[in-house]
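These notes are about the structure you will find just below.
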Amino acid sequence: MKKISIAMILLSISGLALAEKIYKWVDENGQIHYSSQKPTGQQAELVKVKQGPKVSQDTSQDTQSSQKSEDDEADSDADAAAKAQLAKTEAANRRKLCEQARKNVAALNATVRVTQVDEKTGETFRMNDEQRLQAMKTAQQGVKEYCQ
């Protein structure tokens, strides 16, 4: 019995020794990241990591349920805040993508020749009719998807 108690104490202490700071941030694409290292040039918040329950021999049911409900409440508040931030970022991204798709449709519908820059070489070239139609379909799909 003493060996089990000693093992439990050592396990709980070793968890504290391994604890690290965890950082959370949202990039410009709305993607949420978690890391043990604070990102450079990016605003990040320190995430409070919930510790496991403490082991004792005289634990009552009331104490366990009270602790569990407080932890659940804190988790749901954090989840709600993260979801609200994500929804806000997604809405901003959708507005930007919608605006860009509409500009592309307008440019491709113009009667003038449309030019494009080759991503590999950086050279500018005129789009032929087939390339223009394909770009128009892509732009219209973007309007349909992002401008709802």
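Yes/no matrix, rows are residues, columns are (1) under 35 Å from the mean Cα position of the chain (by Cα); (2) surrounded by fewer than 13 Cβ atoms within 10 Å (Cβ to Cβ); (3) without any contact (Cβ under 8 Å) to a residue 40 or more places away in the chain; (4) farther than 29 Å from Gln31 by Cα:
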site	(1), (2), (3), (4)
Asn93	yes, no, no, no
Cys98	yes, no, no, no
Ala101	yes, no, no, no
Asn109	no, yes, yes, yes
Arg113	no, yes, yes, yes
Thr121	yes, yes, yes, yes
Asn128	no, yes, yes, yes
Arg132	yes, no, yes, yes
Ala135	yes, no, yes, no
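If the requirement is being exposed (fewer than 10 other Cβ atoms within 10 Å of the Cβ), of a type in the set (Gly, Ala, Ser) and at pLDDT below 80, which of these qualifies: Ser66, Ser56? Outline the logic, then answer.
Details: Ser66 fails: exposed (fewer than 10 other Cβ atoms within 10 Å of the Cβ).
It is Ser56.
Do we find that Thr89 is under 30 Å from Gln148 (Cα atoms), of a type in the set (Ser, Thr, Tyr) and at pLDDT 80 or above in this structure?
Answer is yes for this residue.
Kindly provide the set of residues from the stretch 21-52 that are within 20 Å of Ala84 (Cα to Cα) and either outside any loop (DSSP other than H, G, I, E, B) or among the basic types (Lys, Arg) (or both), ordered by number.
First pass over the stretch 21-52, keeping only residues within 20 Å of Ala84 (Cα to Cα): 23-34, 42-48.
Tyr23, Lys24, Trp25, Val26, Ile32, His33, Tyr34, Glu45, Leu46, Val47, Lys48 - these are the residues of the stretch 21-52 that are within 20 Å of Ala84 (Cα to Cα) and either outside any loop (DSSP other than H, G, I, E, B) or among the basic types (Lys, Arg) (or both).
The values are calculated or read from the model by the stated rules, or taken from the named source; none is laboratory data. Keep in mind it's a predicted model, so treat the numbers as computed, not measured. Neighbour counts are summed over all protein chains in view; Cβ atoms, including those assigned to glycine, are modelled from backbone coordinates with ideal geometry.
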